[in-house]
Amino acid sequence: MSLILLLFFIIFLTGAKLAKRGEFFSDYLSLEKSNSVKGIFVIFVFFRHYAQYVELDSIWDKGFSYINYMLGQMIVVAFLFYSGYGVLCSMEKKGISYVKSLPFQRAFRVWIHYAIAVGFFWIVNLALGRELPARKIIGTLLCWDAIGNSTWYIMAIVISYLLAYFSFRFCFDRKKLGAALLTGLTICAIIILAPVRPGRYYNTLLCFPLGVWWAIYKKEIDAFLKKGVNYGVSLSLCIIITVVANGVRNYNVWIYELASVSFVCTGILITMKLSLKNPLIQYAGNHVFSLFILQRLPMLYLSKATDLEKSPYVFFAVTFLITAVISWVFDWCMDKFDKQTFGRLQACSRGQ
């Protein structure tokens, strides 16, 4: 799998552009550029989940296994950062109405799409002859349990959207105060979740408020990084902190949070100098949620109903292609569903 991973790295860099010396890409946080980065990381998520269904004990798999282990949950921190950044930018463009819409148009919409996906996992489990108790299904819908699907990130993003709503609902005109409140509430959420949930549910949460802070101070950050050696020093410092903190990440949740924050900062700084763009990562970036939440469906079914997992490369190719297809179909259906439900409800709320 190391060779497959190397192939994907080459694909990721196809069409990439490097900024001239002393210059930066001013649109490094645009929707197009952020989608490219998210596309890369959702593919890494696929690699990580895939590795849980096959045995990778060949000498050619060592590099892949090491990178997979070292990245860990940090492959999702970009999603949280860009979501936080997007929330603040949308607030500035759309006003208080956007803040008021966060619980319904963001948090609930994510959850309802997730709940529909859970239904597919339930069907697959039934097809495999597994009878699931109602308690487990309800726990999965509440992101507290799982029936083969990923749950923790859904809880993390829903919590982040709700905390953003509470933080900015009454601090809309005071963005810095709202961001400070969001940061404080996120820390409280981490403390509350720590005794009752595995670390993956909360140890990257601070990347969401980091995105909000970056949006607030973007002009100042850009001006600082463009001066002299500030960019090089900042990038080097972020890399060092990421490596050191990641090396001892299992000792303390706050160390993992530090590793996550420094890792996402490293990635953002790199995108200031490196513009990534090719059809594969663009497609993946435009279908992040469906690719993330549905990729275990073919892995779960094929690993139990067939012997494909005994042929790692065939299993990878088949599950990758099936995931790409069902993600497109799912997003097409959800787009229709959203227009028929959320669109109508939003129109009714406006008295139309």
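Checked against (1) touching a residue at least 60 places away in the same chain (Cβ under 8 Å); (2) closer than 17 Å to TYR201 by Cα, ASN252 passes all but a single condition, namely (1).
To keep it simple, each residue is scored yes or no on (1) within 22 Å of TYR114 (Cβ to Cβ); (2) in contact with a strand residue (DSSP E or B) (Cβ under 9 Å, 6 or more places away or on another chain); (3) hydrophobic (A, V, I, L, M, F, W, C); (4) surrounded by fewer than 16 Cβ atoms within 10 Å (Cβ to Cβ).
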residue: ILE147; (1), (2), (3), (4): yes, no, yes, no
residue: MET155; (1), (2), (3), (4): yes, no, yes, no
residue: LEU162; (1), (2), (3), (4): yes, no, yes, no
residue: CYS171; (1), (2), (3), (4): no, no, yes, no
residue: LYS176; (1), (2), (3), (4): no, no, no, yes
residue: THR183; (1), (2), (3), (4): no, no, no, no
residue: ARG200; (1), (2), (3), (4): yes, no, no, no
residue: LEU206; (1), (2), (3), (4): no, no, yes, no
residue: PRO209; (1), (2), (3), (4): no, no, no, no
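Note on the range 101-140: residues that are without any contact (Cβ under 8 Å) to a residue 24 or more places away in the chain, in contact with an Asp or Glu (Cβ under 8 Å, 6 or more places away or on another chain) and under 24 Å from VAL87 (Cβ atoms) amount to 0. Among residues that are under 19 Å from the mean Cα position of the chain (by Cα), farther than 26 Å from THR242 by Cα and at pLDDT 90 or above, LEU177 is not included. Among the residues of the range 95-104, those that are in a helix (DSSP H, G or I) and not aliphatic (A, V, I, L, M) comprise SER97, TYR98, LYS100, SER101, PRO103, PHE104. On the basis of being part of a helix (DSSP H, G or I), surrounded by 18 or more Cβ atoms within 10 Å (Cβ to Cβ) and touching a Gly at 6+ places or on another chain (Cβ under 6 Å), does TYR114 make the cut? When the stated conditions are applied, TYR114 does not pass them.
In the range 141-169, what residues are under 16 Å from VAL87 (Cβ atoms) and either basic (Lys, Arg) or free of Cβ contacts under 8 Å to residues at least 12 places away in the same chain (or both)? I'd like the intermediate steps shown before the answer.
Within the range 141-169, the first condition is being under 16 Å from VAL87 (Cβ atoms), and the residues that meet it are 156-169.
Residue satisfying the conditions is ARG169 alone.
Being touching a residue at least 12 places away in the same chain (Cβ under 8 Å) and in a helix (DSSP H, G or I) narrows it down to one residue among ILE191, ILE187; which is it? Exactly one residue qualifies, and that residue is ILE187. Looking only at residues of the range 280-318 that are surrounded by fewer than 20 Cβ atoms within 10 Å (Cβ to Cβ) and within 30 Å of LEU225 (Cα to Cα), we find that the one that is farthest from the chain's Cα centre (by Cα) is GLN282. Conditions first: (1) more than 21 Å from the chain's Cα centre (by Cα); (2) basic (Lys, Arg); (3) under 30 Å from TRP213 (Cβ atoms). ARG109 passes all but one, so which condition is the exception? Exception for ARG109: condition (1). Looking across ALA107, ALA146, one residue alone is touching a helix residue (DSSP H, G or I) at 6+ places or on another chain (Cβ under 6 Å), outside any helix (DSSP H, G or I) and either among the hydroxyl-bearing types (Ser, Thr, Tyr) or closer than 18 Å to TYR202 by Cα (or both). It is ALA146. Condition test on SER2, is it crowded, with 16+ Cβ neighbours inside 10 Å, modelled with pLDDT of 90 or more and either closer than 28 Å to ARG249 by Cβ or touching a strand residue (DSSP E or B) at 6+ places or on another chain (Cβ under 7 Å) (or both)? Criteria not met by SER2.
The values are calculated or read from the model by the stated rules, or taken from the named source; none is laboratory data. A quick note: this is a predicted structure, and the numbers were derived from the prediction, not measured. All Cβ positions, even for glycine, are placed from backbone atoms using ideal geometry, and neighbour counts span all protein chains on display.
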